[in-house]
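What follows is a short report on a single structure.
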Amino acid sequence: MIVFVRRGDEVLVVHRSPAQGAYWHSVSGGVEDGETDAEAAVRELREETGLEARLTALFNVYAGFDDPRVRAVLILYTAEIVGGRLVPGDDATDARWFPIARPPRAIAFAAHRRALEQFRARPEATSTPRRGARSRGGRV
């Protein structure tokens, strides 16, 4: 799954450690045993950035074909920050806000690049959270 967090005209992006390929991409990760996709999204954001968040919407679902480690179904959520402090953690070496119109050039994975393009093109999906929306993982 992927989590997009917007701050004005910026989006949060993380940089992976050299052991993870040393590239920029969206906050993302896998679902652990016993966890819903929504719970995983919140956990991954906290682990990679130090930020606490509330999911605001299910944005889209993507197929990931260009990661040599795995083929993936990527569930993309949007979120708003409710606490914490931006500090890269887990397997992230950096976490930064980038202009949505100018994310880092070296974004890994075509699905992440495509998702960022669609996120930028749909301001209504990134500026006003849907209150009370439901997903398989519970309240978003």
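The values are calculated or read from the model by the stated rules, or taken from the named source; none is laboratory data. This is a predicted model, so every value here is computed, not measured. Backbone-built Cβ (ideal geometry, glycine too); neighbour counts: all protein chains shown.
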Legend entry - Residue in segment 110-140 that is modelled with the highest pLDDT, counting only those that are of a type in the set (A, V, I, L, M, F, W, C) and more than 13 Å from the chain's Cα centre (by Cα): ALA121
Legend entry - Count of segment 97-110 residues which are touching an Asp or Glu at 6+ places or on another chain (Cβ under 9 Å) and either closer than 11 Å to LEU12 by Cα or without any contact (Cβ under 8 Å) to a residue 60 or more places away in the chain (or both): 5
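Conditions tested, residue by residue: (1) assigned to a helix (DSSP H, G or I); (2) buried (at least 17 other Cβ atoms within 10 Å of the Cβ); (3) under 15 Å from the mean Cα position of the chain (by Cα); (4) at pLDDT below 95.
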| position | (1), (2), (3), (4) |
| --- | --- |
| ARG6 | no, yes, yes, yes |
| ALA22 | no, no, no, yes |
| VAL31 | no, yes, yes, yes |
| VAL42 | yes, yes, yes, no |
| ARG54 | no, no, yes, no |
| PHE59 | no, yes, yes, yes |
| TYR62 | no, yes, yes, yes |
| ASP66 | no, no, no, yes |
| VAL70 | no, no, no, yes |
Legend entry - Whichever residue in segment 72-96 is among the hydrophobic types (A, V, I, L, M, F, W, C) and farther than 20 Å from GLY8 by Cα and, among such residues, is modelled with the highest pLDDT: ILE75
